[in-house]
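Note sheet for the following structure.
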Amino acid sequence: MYMKQLVLEDGTVFEGKGFGSDRESFGEIVFNTGMTGYQEVISDPSYCGQMVTFTYPLVGNYGINRDDFETVDPAILGVVVKEHCEHPSNFRNEETLDEFLKAKRIPGISGVDTRKLTKIIRKHGTMKAMITSGDRPVEQLVDFMKNTPLATDQVKQVSTVKPYVVPGRGYRIVLIDYGMKHGILREFTKRSCHVTVVPYNTSAEEIERLRPDGIMLSNGPGDPKDVPEAIQTVRKLMGHVPIFGICLGHQLIALASGADTVKMKFGHRGGNQPVKDLRTNWTAITSQNHGYAVARDSLESTSLSLTQISLNDGTVEGLEHQTMNVFTVQYHPESSPGPEDTSSLFDEFLTRITESHKAAKEALHV
C-alpha cells in the first residue's frame, strides 16, 4: 500500500491508500449509489472522463469475473472507495479489483470518507478532481484544475472506429455506438436480431444504405451538445424506420426534435432510480448513469410527448414522438448492473418494427 490524495477543485483534500495503477488522474468526480455491480460500473463507457465514488462502503468483495464487463477497455479515470477488498470470495472470482485496475491502468484510492465526499458533491455539484501521489502542493493542483478544461470528446474516445456485425436471423438493427454497453447487444442477441454496430459519426445516408428494420441510439458519455454531427444525423433518420434511444440517445433525439438539454447538479447514477410511466401509472426501479437531462419546459414547442418522469426530482425520463415512430428513455433498460424491470422495452421496440412492416405492406395493397 502507498499513500494517495484525492484533491477537489475547491481545495478539499482526502488522504487515502492507493491501489490499482499508481498514475495520476484528472477528471470530473461523480458518485454512484449502487450496492453491487461495481464491475459493470467501472467498465461502463459512459464514465469516460470521470472518476467514480462508490457510496457503498465495501467494493471488490466478490472480485472480478470474465462475464460482467460492459466494454473491453474501460474509460473510467479513477475509483474512490471507503474500503476495497483484498481477498474476494465468490465462485466466479478470477482476480481482485486491485489486479484488474493495475492491468487497465486505472488509479484507485481507498480509506476515503465517501459519505463526506458524496455530501460535498450533492451540495456543490460535480467538480474537477485529481487522484495524485501528494508530492505537489495542493495550491498548485487546484490552480491546474481551475485552468484545465474537462474533455469534450468522450464519445469519440469510446465509440467503435469501424462498423461490425453481430449476426442473427431476426430483424436487422443498426446500433449507433456513442459509448455502447455490451448489455444492449445481449438484449438484441437474446431476441435473435442481426445487429450492425456503427461509429457515432456514421452519416444518415450510410445507415439508410444498410436497410435497417430499426435503429437503436446507444448510451454514451458527456454533453450531447458536444456531438452536433450526431444530432444532425438523428434528425435526418427520424421518420424512416422505428428508432429507440436510451440515455445519450434519448437526449440526442430530444435535441434533434427542437428540445433542449441541461447539465444536472450531480446527475443520476445508480441502480435504484424510481421512474413513473405517466401513461400507465406503473413505477419501475431503473439503472441510470447520466449528468445531463432533457429540459422539461423545452418540450412544449416540440412534437415530443412526455411519457415518463423521475420520482426523485421530476426530471424527464421518457419521450415519444407524436407523428414519427420514435421513443426514448433516459435510463438503461438493459440494466447491467441494476434491476431488469424495463427490459421489455426491447420487445416493445421489436413490436413497433413488426407493426411498421405490417403498415407498409397494407399501404402497398391500397
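Results, tabulated for the structure shown:
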| quantity | calculated |
| --- | --- |
| K128, sole failed condition from (1) under 28 Å from G60 (Cα atoms); (2) charged (D, E, K, R); (3) open to solvent by 50 Å² or more (accessible area, probe 1.4 Å); (4) within 20 Å of the chain's Cα centre (by Cα) | (3) |
| Hits in segment 56-101 (condition: in contact with a Cys (Cβ under 9 Å, 6 or more places away or on another chain), hydrophobic (A, V, I, L, M, F, W, C) and assigned to a loop (DSSP other than H, G, I, E, B)) | A75, I76, L77 |
| Failed item in (1) buried (at least 19 other Cβ atoms within 10 Å of the Cβ); (2) over 19 Å from E28 (Cα atoms), with L101 passing the rest | (2) |
| Any hit, segment 291-309, residues being touching a residue at least 60 places away in the same chain (Cβ under 8 Å), open to solvent by less than 50 Å² (accessible area, probe 1.4 Å) and closer than 30 Å to N65 by Cα | yes |
| Exclusive hit being touching a strand residue (DSSP E or B) at 6+ places or on another chain (Cβ under 7 Å) and over 30 Å from P149 (Cβ atoms), set G291, G214 | G214 |
| Wholly within segment 240-317, strands (runs of 3 or more DSSP E) carrying at least 1 residues that are touching a Pro at 6+ places or on another chain (Cβ under 6 Å), of a type outside the set (G, A, S) and farther than 28 Å from V198 by Cβ | 283-294 |
| Within segment 156-173, tally of residues that are open to solvent by less than 100 Å² (accessible area, probe 1.4 Å), β-branched (V, I, T) and within 15 Å of V72 (Cα to Cα) | 2 |
| Within segment 8-49, tally of residues that are part of a strand (DSSP E or B) and either under 18 Å from K119 (Cβ atoms) or under 14 Å from the mean Cα position of the chain (by Cα) (or both) | 10 |
| Of residues in segment 61-75 being acidic (D, E) and free of Cβ contacts under 8 Å to residues at least 60 places away in the same chain, the one surrounded by the fewest Cβ atoms within 10 Å (Cβ to Cβ) | D67 |
| First in segment 99-119 and touching a residue at least 12 places away in the same chain (Cβ under 8 Å) and basic (K, R), second anywhere and assigned to a loop (DSSP other than H, G, I, E, B) and surrounded by 21 or more Cβ atoms within 10 Å (Cβ to Cβ), Cβ under 6 Å, 6 or more apart | K104/P74 |
| Search result, residues across segment 192-207 that are out of contact with any helix residue (DSSP H, G or I) (no Cβ under 6 Å at 6 or more places or on another chain) and in a loop (DSSP other than H, G, I, E, B) | S192, C193, T202, S203 |
| Residue check, R269 surrounded by fewer than 16 Cβ atoms within 10 Å (Cβ to Cβ), among the charged types (D, E, K, R) and either in contact with an Asp or Glu (Cβ under 7 Å, 6 or more places away or on another chain) or under 24 Å from P224 (Cβ atoms) (or both) | no |
| First in segment 9-30 and closer than 20 Å to I120 by Cα, second anywhere and among the aromatic types (F, W, Y) and surrounded by 14 or more Cβ atoms within 10 Å (Cβ to Cβ), Cβ under 9 Å, 6 or more apart | F26/F144; V30/Y47; V30/F266 |
| Scope segment 261-284; condition of a type outside the set (F, W, Y) and either more than 27 Å from V52 (Cβ to Cβ) or over 19 Å from the mean Cα position of the chain (by Cα) (or both); matching residues | K276, D277, L278, R279, T280, N281, T283 |
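The values are calculated or read from the model by the stated rules, or taken from the named source; none is laboratory data. Keep in mind that this is a model prediction, so the values were computed, not measured. Cβ atoms come from the backbone with ideal geometry, glycine included; neighbour counts cover every protein chain shown. The protein model used for the area step is the full one, side chains on, heavy atoms only, and it has no ligands, DNA or RNA in it. Shrake-Rupley method; radii C 1.70, N 1.55, O 1.52, S 1.80 Å.
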